[in-house]
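A.B. asks: There's a structure below that I have some questions on.
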Amino acid sequence: MPPSVSAARVATLAGAFDRSPAYAGLADELVLLIGDGRIPADVRLPSERELTEVLGVSRTTVTRAYAVLRDAGYAEARQGAGTFTRVPGGRERAHDRALLPRPGDLDAIDLNCAAASAPPGLVTAYAEAAAQLPAYLGGHGYFPAGLPELQAAIARTYDDRGLPTDPAQIMVTAGALSAAAVVARALTGSGDRALVESPVYPNATEAIRLSGARLVEATVDPGGWDLAAIAATLRQSAPTMAYLIPDFQNPTGHVMSDAQREEYAAALRSTHTVAVVDEAHQALALDGQEMPRPFASYSSETVTIGSASKSFWGGLRLGWIRAPHGLMERLTRARVALDLGAPVLEQLVLTRLLASGPVLPEHLMRLREQRDALAAAVREQLPEWTFRLPTGGLALWCELPAPHATALTAEAERRGVIVAPGPMFAVGGGLDRFVRIPWTRPAAELEEAVRRLAEAWAVVRERRTPVDRTAGRVMVA
């Protein structure tokens, strides 16, 4: 029997649609739900009679809404079977060949990227921003520091966290990775040392490496940061900068306490090392907990990197840098050698989104449900694996009973699941006992992915498979 979505579920997701006229409002809401995956493609929609009863509208309203969906390419009628969802262009419209370069990738469950689909409200923000755009078309459109209104909106997010920030301390970039490249270019050069965590987000360390800096590893243990060992490494290597992720560390999910931040900041001051703090996941506190103070509260020389990709949507391609006033000129010089600014329309979109807070509540709710579904599935299907349940962020960092993560991911890929093994996150090699599993897909997909991972693990336990997993694959998040 083909998969279906119940009328009650549709009513829950679309119940607040605009009712003037009702058919158009319902159709618009369904387009958004299908487009962002909350109602998956190739799913049978409720019958017109069922949806009419649950929504309390006329049969004509549902009939006309379904007709609009079909005309727009978001549904198709199958004789004798009902109305089924579809997406114009098919699944390919959501993927890039550089990130999924192999035959069969588009049919796989992609858990390589810890990045969620767009939250509700994004299309509305784009429409409202587009209405503002004409006011900017008379100028050149380059804003190397960012639109002033977006700089102010980002600065307010720091003010709200107890870190007073002048909008002039903000530089808007084309994503957090671009921000890391700008900072590394400004702060380091050939022969300088840069302290980086391990395991850690690999694309950021590569951006630092490309600046010419030599990487010095600071291990993040399964239990967190060993600050005594980090302080000793700082004294021995005296790095120019230190890249760290104190909030839902990627990939471990650890959160550095206020006391640890204070101690770490003191160690950095003693070696005149500038902290470069990646806060891409900071807003993703999923259990309603109060987060520690920003690292920059303990070190005024800190450079902080932020991102809209995890809190809102990766397709916005916006990030930012918060830095001391004295560094802004160096950062600007480094930035204009790379690009001259982020797209104006997306900056207007983000300005509107931030007016509702650093993250949308619906986004957090969805991520929390997906995290819990993933954790439950791993506990049930893979009881030999161990992990700490993170209180936020985007991924589980699972430890295997034996160092076969690379073999596991190769076998899992043959079964249509793409995940990243621990060595992808290791600065100096190793970590083949770990695998990262993001909870950024719908719960049903995550449960199916874990079922396939369990099958792959059963094979790998008996015989190690060839290690061919990483060739041609790009890590992005």
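The values are calculated or read from the model by the stated rules, or taken from the named source; none is laboratory data. What you are looking at is a predicted structure, and each value in this text was computed from that prediction instead of being measured. Note: ideal-geometry Cβ built from the backbone for every residue, glycine included; neighbour counts use all protein chains shown.
A.B. asks: Any residue at all in the stretch 52-64 that's surrounded by 14 or more Cβ atoms within 10 Å (Cβ to Cβ) and either modelled with pLDDT under 90 or closer than 30 Å to Ala334 by Cα (or both)?
C.D. replies: No: the stretch 52-64 contains no residue that is surrounded by 14 or more Cβ atoms within 10 Å (Cβ to Cβ) and either modelled with pLDDT under 90 or closer than 30 Å to Ala334 by Cα (or both).
A.B. asks: Now a separate question. Somewhere in the stretch 359-371, is a residue under 27 Å from Phe387 (Cα atoms), under 21 Å from the mean Cα position of the chain (by Cα) and crowded, with 24+ Cβ neighbours inside 10 Å?
C.D. replies: Yes, because at least one residue in the stretch 359-371 is under 27 Å from Phe387 (Cα atoms), under 21 Å from the mean Cα position of the chain (by Cα) and crowded, with 24+ Cβ neighbours inside 10 Å.
A.B. asks: The conditions are (1) under 33 Å from the mean Cα position of the chain (by Cα); (2) outside any helix (DSSP H, G or I); (3) under 24 Å from Glu362 (Cα atoms), and Glu76 fails exactly one of them. Which is it?
C.D. replies: (3)
A.B. asks: Go through (1) in the same structural domain as Leu133 (by TED's automatic domain parsing); (2) out of contact with any Ser or Thr (no Cβ under 9 Å at 6 or more places or on another chain) for Val378 and report which single condition fails.
C.D. replies: (1)
A.B. asks: What are the residues in the stretch 2-22 that are more than 20 Å from Glu362 (Cβ to Cβ) and either assigned to a helix (DSSP H, G or I) or in contact with a Pro (Cβ under 6 Å, 6 or more places away or on another chain) (or both), if any?
C.D. replies: Ala7, Ala22
A.B. asks: Shifting gears a bit: Being closer than 21 Å to Ser311 by Cα and assigned to a strand (DSSP E or B) is the requirement here; does Met171 meet it?
C.D. replies: Yes; evaluated as a whole, the condition is true for this residue.
A.B. asks: Applying the selection to the stretch 378-397, what residues are in a loop (DSSP other than H, G, I, E, B) and either polar (S, T, N, Q) or surrounded by fewer than 18 Cβ atoms within 10 Å (Cβ to Cβ) (or both)? Spell out the reasoning first.
C.D. replies: We begin by selecting, within the stretch 378-397, every residue in a loop (DSSP other than H, G, I, E, B); these are 382-385, 387-391, 393-394.
Across the stretch 378-397, the qualifying residues are Pro383, Glu384, Arg388, Leu389, Thr391.
A.B. asks: Please count how many residues of the stretch 398-440 are aliphatic (A, V, I, L, M) and part of a loop (DSSP other than H, G, I, E, B).
C.D. replies: Here is the first cut: in the stretch 398-440, the residues aliphatic (A, V, I, L, M) are 400, 402, 405, 407-408, 410, 412, 417-420, 424, 426-427, 431, 435, 437.
Applying the additional criterion that residues be part of a loop (DSSP other than H, G, I, E, B) yields 400, 402, 419, 426-427, 431.
Adding up the residues that qualify gives 6.
A.B. asks: Only one of these is within 26 Å of Pro438 (Cα to Cα), crowded, with 22+ Cβ neighbours inside 10 Å and not polar (S, T, N, Q): Glu290, Glu279. Name it. Before you say what the answer is, go through the steps one by one.
C.D. replies: Details: Glu290 fails: crowded, with 22+ Cβ neighbours inside 10 Å.
Going through Glu290, Glu279 in turn, the sole match is Glu279.
A.B. asks: If I ask for residues that are surrounded by fewer than 24 Cβ atoms within 10 Å (Cβ to Cβ) and either free of Cβ contacts under 8 Å to residues at least 24 places away in the same chain or within 23 Å of Leu348 (Cβ to Cβ) (or both), which ones from the stretch 314-327 would you list?
C.D. replies: Gly314, Gly315, Arg317, Gly326
A.B. asks: Answer with yes or no whether Ala420 is within 21 Å of the chain's Cα centre (by Cα), closer than 20 Å to Asn203 by Cα and modelled with pLDDT under 95.
C.D. replies: When the stated conditions are applied, Ala420 passes them.
A.B. asks: Condition (residue is modelled with pLDDT under 95, closer than 26 Å to Ala115 by Cβ and among the β-branched types (Val, Ile, Thr)) applied to the stretch 204-214: is it met by at least one residue?
C.D. replies: Yes, some residue in the stretch 204-214 is modelled with pLDDT under 95, closer than 26 Å to Ala115 by Cβ and among the β-branched types (Val, Ile, Thr).
A.B. asks: Which of the residues spanning the stretch 315-354 are outside any loop (DSSP other than H, G, I, E, B), modelled with pLDDT under 95 and under 21 Å from Leu133 (Cα atoms)?
C.D. replies: Gly315, Leu316
A.B. asks: Related question: Among (1) touching a residue at least 12 places away in the same chain (Cβ under 8 Å); (2) part of a helix (DSSP H, G or I), which single condition is Pro239 missing?
C.D. replies: The failed condition is (2).
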